[in-house]
1. In what sequence, highest mean first, do A:320-330, A:428-438 appear when ranked by Cβ atoms within 10 angstrom?
2. Whole-Hz ³J(HN,Hα) for each residue in the stretch A:198-213, computed from phi via Karplus 6.51 cos²θ - 1.76 cosθ + 1.60 with θ = phi - 60°, x for glycine and proline: what do you get?
3. Within the stretch A:74-114, list the residues whose amide N lies under 17 Å from a label point set 7 Å along Cα→Cβ of residue A:18.
4. One-quarter of the Cα convex hull surface for the stretch A:389-518, in nm²?
5. Subtracting the Cα-Cα distance from 0.36 nm times the residue separation, let me have the gained length for residue A:583 to residue A:62 in nm, one decimal.
6. So what are the ³J(HN,Hα) numbers for the stretch A:606-612, from phi and the Karplus equation (6.51, -1.76, 1.60; θ = phi - 60°), rounded to whole Hz, Gly and Pro as x?
7. Give me the orientation-averaged projected area of the Cα convex hull of the stretch A:312-373, in nm², one decimal.
8. Output the Cα-based Rg and Dmax of the stretch A:149-301 in Å, rounding Rg to one decimal and Dmax to a whole number.
Amino acid sequence: MSKGKYYITTAITYTSGKPHIGNTYEAVLADSIARFKRKDGYDVFFQTGTDEHGQKIEIKAQEAGVTPKEYVDKVSSSIRDIWDMMGTSYDKFIRTTDDYHEKQVQKIFKKLYDQGDIYKGAYEGMYCTPCESFWTESQLADGKCPDCGREVRPAKEEAYFFKMSKYADKLIEHINAHPEFIQPVSRKNEMMNNFLLPGLQDLCVSRTSFQWGIPVDFDDKHVVYVWLDALTNYITGIGYECGGEGTEQYRKYWPADLHLIGKDIIRFHTIYWPIFLMALGEPLPKQIFGHPWLLQGDGKMSKSKGNVIYADDLVDFFGVDAVRYFVLHEMPFDNDGVITWELMVERMNSDLANTLGNLVNRTISMSNKYFDGVICDKNVAEPVDEELKETAVQTYGKVCKKMEELRVADAISEIFALFKRCNKYIDETEPWVLGKNEDKKDRLATVLYNLVESISIGASLLEPYMPQTAGKIAAQLNTTLSSFEETTQFGRYPSGSRVTEKPEILFARLDAKEVTEKAEALFAARRAETGEKEEGTETLEEIIDIEKKPEISYDDFAKMQFQVGEIIACEEVKKSKKLLCSKVRVGSEIKQIVSGIKQHYSAEEMVGKKVMVLVNLKPATLAGVVSEGMLLCAEDAEGNLALMTPEKTMPAGAEIC
RNA sequence: GGCGAGAUAGCUCAGUUGGCUAGAGCAUACGGUUCAUACCCGUAGUGUCGAGGGUUCAAAUCCCCCUCUCGCUACCA
């Protein structure tokens, strides 16, 4: 009976805050695949969960005045609530703070250390004691400190590293031998060309800069790097035991058949994760699919704009299944999808309300009108019936084919093609004409039977994607949903059954303008709310935390000379995407300074600005152009830059101290 | 700068190994119908298939070059 096991995972969601619709999309996509496979006869295990360690969470908890654990408990359960609301049928919701997970991660770390794959090394390579600075190999000048020219030595700041290079060749081989391993294939090239072929750097797999992580049990100053922690959830969640056989469940389900992840974390899943597994001697997952993103159409989503769309907003407006339909349908295979309120309404009206909802409604209405709701197959067939029946019984095969390639949107379209065919069938058979002629009663009954049966088949196929709706349709038709196998036979609907008297509207038509206005009001309210909070607590917008650097002495600071500079000319650096070359007057001197800010400032608008310049920086050549200093900028979390300018008018050359 | 993807109807996109008047959905217009949630069915479209050149009996499809967009990556003092 069973077609075998199928283990599918989503990425685990980071518990730093409420997930937006993009995260939810992944859960719904995985869910529809899991439900499809389950119904298709596979023994499915679907795992999702939350990733709960790291510095960001430590800081967020501190801000909120709670312990990290209290913080993640709250966020994790809210994420789980959203997944539940969306009807995701996960078999396991793992949290990286679960004790069995933490224990296994510690064991894994120890094992890798004992077998020499993880070694204790120095972070950032070279250290110059007088300057108290770390330098990477590439920063060194003739093997010496670029600052003072003195000898450097390996750093004292210790950290654990993983020997990535040891397994690189094996991984390259594997990827080449299994073209389906990384999906979509375009991602495969990126990984190969940018990381694997040039040679992998060893990965630092421990941190000492914060506490909120899994401690390295034999060296408790260190916590395990979040990715090593997070990735292993895929095995710990189903019972992996380091150094042992693992549970029966583990032996049954591993390796995973599909890791569904966002395209932004492909690198971790296609390089680091397989290498960790190789080191552990475990088989590699069969496929990693980096899905595209769901973007908001009108400008980027941001909390400060107050226009972030959350799953529960959409559910309030449209209902769970409509949202599931939308995210699944609107997401193409390898391009990013767009979400706007207008598009939501359009899909809602044309596909859900008109094509599907109205079809069910009109069919039931006619059944009630002509036969008091009793559906009987009188077997008065006509040639037109054949085409409908054929479409109905063949849909499963078409859906299946699309699902094999993970083309979920296309699979759903196939089902809707059946519903459209039903509408056409009504037009062809003209039941209202048959209804006027007593001799045609039996023909009319047959037509309605065919319709009800076709709709039942469609609903059964729709179940993995829109489970609630499928159930509602079946209930209105007073039947139960069929297995996939059964949808390939026409005529399973029990003749003589009675459909509901009063069909409930499945999807109400919506007015785009009203919805947009309502959404705008919601956002305005939200902005007002965050605005109040800002005033009340003095926390403005988003705060950003960056990695802390070691304390420096005043002498260190005094070495740097900052002055106000006036930009008197500026042009683009031809060969570069990001560089602008400015002529900056600093006192009586004119310096040429190259800066990576082309994406934020045009050459024209640079001219005339008074900016903060680090003037005594050693000159360097960038993209073939000499740069004799540095323009200072502030940078936000998205990488937007703002030049630092004096708050009052100051002459070029004024010292900044 | 390196690697890669893409540019097709107003919009979102399909077009397998080059082959007959280039397609689908939505939106638009017109016609039909009335069971139904002003719904459904049909018809009609418009396209220099990004620009230019080449191979071929034949190119949206292959080759060259150009422009633009996007992704990853490097640089971003």
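The values are calculated or read from the model by the stated rules, or taken from the named source; none is laboratory data. Since this is a predicted model, take the numbers as computed values, not measurements. Methodologically, a virtual Cβ is constructed for each residue, glycine included, from the backbone with ideal geometry; neighbour enumeration extends over all protein chains shown. SASA here: full protein model, heavy atoms, side chains in, ligands and nucleic acids out. Shrake-Rupley method; radii C 1.70, N 1.55, O 1.52, S 1.80 Å.
1. Order by mean packing, descending: A:320-330, A:428-438.
2. Listing the rounded values in order: x, x, 8, 7, 5, 9, 6, 10, 9, 9, 10, 7, 8, 9, 6, x Hz.
3. A:74-86
4. 10.0 nm²
5. Full-extension gain reported as 183.1 nm.
6. 5, 5, x, 6, 9, 10, 8
7. 5.3 nm²
8. For the stretch A:149-301, the Cα radius of gyration and maximum Cα-Cα distance read 17.8, 60 Å.
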